[in-house]
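Derivation of every value follows stated rules applied to the coordinates shown; laboratory data play no part. Since this is a predicted model, take the numbers as computed values, not measurements. Positions of Cβ are backbone-derived with ideal geometry, glycine not excepted, and every protein chain shown enters the neighbour counts.
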Amino acid sequence: MSDAIVRGFVPQAKARPPRTPETHYLNVEYGVKSWLLTTDHKRIAILYLIAVTALFLLGGAAATMIRLNLMTPRGELLPADTYNKLFSAHGIIMVWFFLVPVVPTVLGNFILPMMVGARDLAFPKLNLISWYIFTIGGIITLWAILAGGVDTGWTFYTPFSTKAARTNVIPTIIGIFISGFSSILTGLNFIATLHRMRAPGMTWTRMPLFLWSSYATSVILLLATPVLAMALILVGVERAWGIGIFDPDLGGDPILFQHLFWFYSHPVVYVMVLPAMGIVSEIITCFSRKPIFGYIFVAWASVGIAVLGFLVWAHHMFVAGQSVYSAQVFSALSYLVAVPSAIKVFNWTATLYKGSISFETPMLFALGFIALFTMGGLTGLMLAALGVDMHVHDTYFIIAHFHFIMVGGTVMAYMAGLHYWWPKMTGRMYSDFLSKLSALIIFVGFILTFLPQFVLGYLGMPRRYHVYPPEFQILNVMSSAGASILAVGYLLPLIYLIWSLFAGKAAGPNPWGATGLEWQTPSPPPPHNFDETPVVTSGPYEYATEEITDVH
Amino acid sequence: MNAIFADVPLFPERASTTAYQVDALFFFLCAVCGGMAVLVAALLLYFSFKYRRRGEDDRTPRITGNHRLEWFWTIAPLFVFVVMFVWGAKIYTSVSEPPPDAMEIFVIGKQWMWKFQYPGGERAIENLYVPVDQPIKLTLASEDVIHDFFVPAFRTKIDVIPGRYVQIWFRPTKVGEYHLFCSQYCGTNHSQMIGKVFVVERDDFRKYLDGRKATGSLADQGWQLFLKFQCNTCHSSNAEARAPVLEGLANNMVTLNNGKKVRADDGYLRESILNPEEKVVQGWQPIMPTYKGQANEEDIIKLLAYIKSLKPGQTPSRNENSSPPLDAPRVPPKEKIEPGDRKPPYQPEGQNGKP
Amino acid sequence: MSTNRGLVAHHFEDIEQQRDVEAFGMWMFLATEILIFGAVFTAYTVYRLRYAADFEAASSKLNVLIGSINTIVLLTSSLTMVLAVHATRAGRPKMLMICLLLTIFFGLTFFGFKAVEYYEDYEEALVPGLRFDPGEWAERSPPANAGHVQLMLVFYYIMTGLHAVHMIVGIGLLTWLVYRARRGTLTPARYMAVEVVGLYWHFVDIVWIFLLPLLYLAGTHRASDLHF
């Protein structure tokens, strides 16, 4: 195997217990400086992992307070202002400092260069700078949230954010603005890497699907984030100057802000969910030992989602007084964007057909993703119907819908990916029992938390309510109870994953018997990933053991 | 256990014609989407069980796709989506066009309360009374930030955006007491910007209004404001008038000085009070000062009611002693327009006639 | 490619790949930049169409003479930038230094004119929120809506301000190039650094080419308006 690394599933020899290599990226250098000044994409991924996990815990703490407050209809636990600041903090942290960066910066940073067979990303220094930008933006935002807070919600709708709010709007906006450049630079780095750094033989159609979806994500990050940056700048200028372009007193239009905001914030939903889909494509194939069903369809579905995702933003504004005509156009386009997602779900399901399915932890999370994402997507179809959106817009129905996509979808897939690549990142295996238990707890807790919210929403409970009519209490209590289960499910991996660092068994280069290039190098990988540049000679998912080829 | 769950509300009350339409579509969507969810879940479970790994030596076939099947599940959903889209769009469109016989009630949202003004001049806060089986058209304005008028039992809502009028209508079908929510986040007491909608029998509605004892109808109150702001100084509807005649203006077409024609609807009239130079009627000078800051949203609603009630010959004559409004230009317009040259600023048309 | 040892970062195969990636990266970044300005341009266009007359009235008050001079200054700076790239590739360090310094000089000249212009705007009460007289606009014939005029002016400051921020970054990058040129590290093999900064500099110029008609040429100007 000295000339080229040949792909293909080779069952691991049982006689030889896996060993950890003597030198790898984690022990090649020691000390704080070796981490904070590293340009190794793998170490930067670990830096992101730490930052993003800390922020997830903070956002989760805010969610816990929200759910506790909603246990009683009169909201006795928290004053109204505190509650408003908490749901704003929850949204801001979770969207911009967890969901958007989590998969690209942690898993993408670590895996993407290895998947393409490169020694690093195209711009390693820029990668480190992105982490610093992200961290600085995060610290500013956190400071704004902790020192007084912000109560506009994560959407910063004008004129509330520019005139009425009496909280730290400007520092929060600055923090988000700064961290936005981290997104842009990460996207830029990924696109350049995918275009110019692929290993010999790695043609576009031999790329693993995670790379296709990362590519689509990066394009969105590159083209949508600047629009948000400017929208926020305009809000900041108007607030600081006392005069500005969304000001109805001057003839300005508050709805224009919503257009700019959702032009970013709708595509960014796909930034969250596209890489998640990529992870699931990797895992489903690996654990059913089958090539993906319909590679081309799944790959182009990612591109389709990225393109169509830019054309549906105004479906967030169906009740904001837009013309009937434009509402109809955006409703129709919203149905179109559902098609590629449907393709992916059907193709994943078809991949299982006649497979050899084993239920390791990553696979459990991935199957959970398909189930929950499907529900999120289908309720999205209900929302795209103008007549129904009129009723459920800005109610808990929306809350439940997007949590199915973002938590049931993105977070489930992130957990799947983290458990899938954890042995590669650390060289250690985690507890099989505890990890499967946590997958189960998260799934059950999630359903319990968010299913009642669909009912609440159709009953008419508006979102962002600190107090609510007493008849909604039982459903809210159910939801809060589910949230406590969910919290346990998320804390459990924190314990056994950290535990695995010290007591986990050595994983070996390829514990799952997977085919990607990243599995052809030791775990943890050497500092430059591959001792020699790999040469790719086949497609990404050569798992099949029979030579029967399906007729197209 | 059963006793607890018996109290769990699962479905909201229905109290408007729209509610039945929305629910019908919702049930359809639930059936189709629920069916799809069950299908996917069943396939996942079935495949997971049937093809579970039985040993390390399992053989798996090399199935890389089936284009016919994939095109099928790419195209097939589109047909279902067309049904969903058309159905949804139909309801949305019907809700956006109030019937001509609708009773108009004005609603003003401000942090954090709802205010209502009935055509008879009666005012209320928090609780809206409407007669059953009567189409109600609400014209809504906001005094500060964006609010949203949401009555779950009517299955309809609309964002109330500062700087413009928005409209919504419904036809209550069932007597009762229903929630009114603000469903667009508007600050500290957003969750307490709530109220009740009382759908009552027509007689009870009349009694309710009688009990409110208005100091004159909305139009009467508008007439008082009309005099207070001395609108009749210029809008005097006689030969010396320096501004267009307002009688019979409302809801008819107006030709502007740039040649465009617009309908003099509520939004136009409101804009003409607050930004008079924006849309100037053909043949007139842009001399009117803005009333921004002098007339609040409630005042404007009253003025509009008055303007809409004006019949030919009813404009109060100009009182020679009255001074022009504070900001009015001191010099009258230079060129004198011959009466014969002046085209009527609007062409009277039917109530809902299209140009 | 042994001659290029030391030039190629560890993760690239050869110098061609490295150069290719560097130019590609800058083009990607410019795509982002287009959308940064695109967002504001779109917002501006919405109001420009809605309140055409008022926007034109406000535009007439802007100093079109300084705007035009600055256009010429920036275009000239683009020329010197191109020459700097050429000088690097041709291995003429002296010419490179002169061109870089000239580019910086033109950039600073732009700021000089811009400062004069902002000061004049202040003198003429064209700064909403700071110094602005709504009455003046209402008394014009035909009168302009002071609110809409302020909208236009807010856009003017945001758009030219955003452009100025980009100019400052550009001058910073040029200064860094001057530093490298002095140390003699801008060899022909490393021309990519100059090329990439050049791409950025040209982009900032092009933005100005759009700002000039959008802001300054929207309204009519009389010959008597042409003054400093």
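Points to keep in mind about this one:
- Within the stretch A:182-202: backbone nitrogen closer than 15 Å to the C:Val8 label point (7 Å, Cα to C-beta): A:197-200
- Neighbour-count order for B:Phe154, A:Phe287, A:Phe433, fewest beta carbons within 10 angstrom listed first: A:Phe433, A:Phe287, B:Phe154
- Förster radius 41 Å - calculated FRET efficiency between A:Val488 and C:Ile209, Cβ distance, rounded to 0.05: 0.10
- The distance separating the Cα centre of the stretch C:201-228 from that of the stretch A:452-503 comes to 56 Å.
- Antiparallel bridge percentage (DSSP; both residues within the protein assembly as shown; nearest 5): 70
- Summed over all non-identical Cα pairs, the Kirkwood treatment of the stretch B:60-137 gives a radius of 17.6 Å.
- Packing-based exposure ordering (other Cβ within 10 Å, fewest first) of C:His227, A:His391: C:His227, A:His391
- Within a straight-line Cα-Cα reach of under 16 Å, B:Lys90 can be paired with the following aspartates and glutamates, leaving aside sequence neighbours fewer than 8 residues apart in one chain: A:Asp389, B:Asp23.
- Aspartates and glutamates whose Cα lies under 20 Å from that of A:Lys33, excluding same-chain neighbours fewer than 8 positions away: A:Asp120
- Estimated FRET transfer efficiency when R0 is 60 angstrom, pair B:Arg53-C:Ala90 (beta carbons, to 0.05): 0.35
- Globularity index of the protein assembly as shown, i.e. its alpha-carbon radius of gyration over 2.2 N^0.38 Å: 1.03
- Cβ neighbours within 10 Å from other chains - mean over B:79-91: 6
- Backbone N under 18 Å from the C:Phe228 label point (7 Å along Cα→Cβ), restricted to the stretch C:109-140: C:109-124
- Legend: residue pairs B:Lys137/B:Lys174; A:Lys344/B:Lys50; A:Lys163/B:Lys110, Cα-Cα distance threshold 19 Å; pairs beyond threshold, A:Lys344/B:Lys50.
- Nearest-20 debye value, the protein assembly as shown charge dipole, Cβ charges on Lys, Arg, Asp, Glu: 1800
- Ellipticity estimate at 222 nm from DSSP helix runs (n ≥ 4, -39,500 (n - 2.57)) divided over the protein assembly as shown, nearest 500: -18500 deg cm²/dmol
- Reach of A:Lys85 by Cα under 15 Å, taken over aspartates and glutamates that are not fewer than 8 positions away in the same chain: A:Asp151
- The overall shape of chain B is prolate: from the C-alpha gyration tensor, with semi-axes ordered a ≥ b ≥ c, the ratio a/c is 1.5 or greater and a/b exceeds b/c.
- Spin-label model, A:Ala147/A:Lys125: points 7 Å from Cα along the beta carbon direction are separated by 3.2 nm.
- With the simple spin-label model, which puts each label point 7 Å out from Cα in the Cβ direction, the C:Thr185 to A:Val535 separation comes to 3.7 nm.
- Shape category assigned to the stretch A:352-498 from the gyration tensor of Cα positions, a/c cut at 1.5: prolate
- The Cα atoms of chain A cover 72, 49, 43 Å along the three principal axes, with the biggest extent listed first.
- Across the stretch C:15-221, the convex hull enclosing all Cα atoms gives 106 Å³ per residue.
- Spin-label pair C:Thr76-A:Trp499: with each label point 7 Å from Cα along the Cα-Cβ axis, the two points sit 7.4 nm from one another.
- Exposure proxy shown here: for A:Phe318, A:Phe330, the number of other Cβ atoms within 10 Å sets the order, fewest to most, as A:Phe330, A:Phe318.
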